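Chemist: Here it is, the structure, as structure tokens.
The values are calculated or read from the model by the stated rules, or taken from the named source; none is laboratory data. Owing to the predicted nature of the structure, the values given are computational and were not obtained by experimental measurement. Neighbour counts run over all protein chains shown; Cβ positions are idealised from the backbone, glycine included.
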Amino acid sequence: MARAISNKRAAASETNALHRRREVAAALVAVLGARTAVEYAATYLIKNPVYNSILTGAAWIQELLDGHATRFYEALGMAKPVFVQICHELQEYCGLHNSRYLGLAEKVAIFLRMCQTGDSHREIRERFQHAPGTISMYVCVHFVDGDST
């Protein structure tokens, strides 16, 4: 009889231990699921703007045009009047024009800046405050491939 009671207590103890392990496992799964949901939301749902500098590419070009000639030359590798003439001729003879997100002068300046400084794609994105696709489209499509749209 004592052995039967002892066996029942042992079985009850094992059942309780199994219950506790299942509860701990369920709590662990819930915590991991919550953490995964928070990480997903932080990565894909809560967006922080990347290119949000006060000085946009267009504003930087205007600052260069309004500023000292030496600074303009150091930034883009040519004198201001030459830059203005190139922009005019690209518009007049090649059909290059302002687009929704980039003005003609900014398109030309992006290309010249890459040629002058050898800046990486990332550095150009940061300087002009545009997304990677915008920089790639206007530098590669307009100037390298020769598309004038």
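Chemist: Step by step: first the residues of the stretch 114-139, then only those that are over 14 Å from the mean Cα position of the chain (by Cα) and not in a helix (DSSP H, G or I), then the one that is surrounded by the fewest Cβ atoms within 10 Å (Cβ to Cβ). Which residue is that?
Modeler: 118
Chemist: So which residues in the stretch 38-94 are touching a His at 6+ places or on another chain (Cβ under 7 Å) and either without any contact (Cβ under 8 Å) to a residue 60 or more places away in the chain or in a loop (DSSP other than H, G, I, E, B) (or both), if there are any at all?
Modeler: 51, 91
Chemist: Filter the stretch 112-125 down to the residues that are over 12 Å from residue 78 (Cα atoms), modelled with pLDDT of 90 or more and among the hydrophobic types (A, V, I, L, M, F, W, C) and list them by number.
Modeler: Correct list: 124 only.
Chemist: I'm trying to understand the selection: among the residues of the stretch 62-77, which are in contact with a helix residue (DSSP H, G or I) (Cβ under 7 Å, 6 or more places away or on another chain) and either under 12 Å from residue 112 (Cα atoms) or not assigned by TED's automatic domain parsing to the domain that holds residue 106 (or both)?
Modeler: 72, 75, 76, 77
Chemist: Sticking with this structure for a sec: Please go through the stretch 63-100 and pick out each residue that is within 27 Å of the chain's Cα centre (by Cα) and basic (Lys, Arg).
Modeler: Result: 100, single match.
Chemist: Also, I was wondering about something else. Among the residues of the stretch 87-103, what is the count of those that are surrounded by fewer than 17 Cβ atoms within 10 Å (Cβ to Cβ) and within 20 Å of residue 124 (Cβ to Cβ)?
Modeler: 5
Chemist: Got at least one residue in the stretch 98-107 being among the acidic types (Asp, Glu) and under 30 Å from residue 48 (Cα atoms)?
Modeler: yes
Chemist: Separate question: What number goes with the only condition from (1) of a type outside the set (Asp, Glu); (2) touching a Phe, Trp or Tyr at 6+ places or on another chain (Cβ under 7 Å); (3) not in a helix (DSSP H, G or I) that residue 111 does not pass?
Modeler: Of everything listed in (1) of a type outside the set (Asp, Glu); (2) touching a Phe, Trp or Tyr at 6+ places or on another chain (Cβ under 7 Å); (3) not in a helix (DSSP H, G or I), residue 111 misses just condition (3).
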